[in-house]
Amino acid sequence: MEVILKQDVLNLGYTNEKVSVKPGYARNFLIPQGLAILATEANKKILAETLKQKAHKEAKIKGASEDVANSLQGLTVKIGAKAAESGKIFGSVNAIQISQALKDQFNIEIDRKKIHVDHEHVKELGTYKAKIHLHKEVQVEITFEVFAE
């Protein structure tokens, strides 16, 4: 019996996937639990339209992410920090400060959760790299420079 999954089911399949299962498993578990629907012609057409719309939205989001990645390519972000004469920073530079510096210097808003600093704790003056994950397929690496204020 073919069913269309409405949710991810462990060891069976993912959302909006058409799978073949035994009739008893479908009638007694998947359908009553709301995990699947029968793969009738009407439901197959609805699934095709849903997947088409999802692909269109995904392409639009990916395109926007690529545009932001192109604008970030080759940028050097300057971050000021209070530092001792030895070059050690009081505190550390993190994704929040990088996000704020991008907004202030280049008027580009990036969520702090999408920024991953190569070195876990930046505690000295110098130049470092950070990766920005804009989309599951789009990543860009930026350079940031920490200088003494």
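Of note:
- Given (1) in contact with a strand residue (DSSP E or B) (Cβ under 9 Å, 6 or more places away or on another chain); (2) outside any strand (DSSP E or B); (3) under 30 Å from Thr143 (Cα atoms); (4) of a type in the set (Lys, Arg), number of the condition Lys60 does not satisfy: (1)
- In segment 22-45, the residue that is farthest from Asn11 (Cα to Cα) out of those that are in contact with a helix residue (DSSP H, G or I) (Cβ under 9 Å, 6 or more places away or on another chain) and buried (at least 16 other Cβ atoms within 10 Å of the Cβ) is Ala39.
- Number of positions in segment 58-88 that are exposed (fewer than 15 other Cβ atoms within 10 Å of the Cβ) and of a type in the set (A, V, I, L, M): 5
- Residues that are of a type in the set (Val, Ile, Thr) and assigned to a loop (DSSP other than H, G, I, E, B) were ranked within segment 99-149; the one that is nearest to the chain's Cα centre (by Cα) is Ile110.
- Condition check for Lys123: touching a Ser or Thr at 6+ places or on another chain (Cβ under 8 Å), surrounded by 15 or more Cβ atoms within 10 Å (Cβ to Cβ), within 24 Å of Glu145 (Cα to Cα) and outside the structural domain of Lys18 (by TED's automatic domain parsing): yes
- Output for segment 11-67, where each listed residue is touching a His at 6+ places or on another chain (Cβ under 9 Å), aliphatic (A, V, I, L, M) and in contact (Cβ under 8 Å) with a residue 24 or more places away in the chain: Ile61
To keep it simple, each residue is scored yes or no on (1) over 19 Å from Leu125 (Cβ atoms); (2) part of a loop (DSSP other than H, G, I, E, B).
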position: Asn11; (1), (2): yes, yes
position: Val19; (1), (2): yes, no
position: Gly24; (1), (2): yes, no
position: Arg27; (1), (2): yes, no
position: Gly34; (1), (2): yes, yes
position: His56; (1), (2): yes, no
position: Gly91; (1), (2): no, no
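The values are calculated or read from the model by the stated rules, or taken from the named source; none is laboratory data. Everything numeric in this text was worked out from a predicted model, so none of it was measured. Methodologically, a virtual Cβ is constructed for each residue, glycine included, from the backbone with ideal geometry; neighbour enumeration extends over all protein chains shown.
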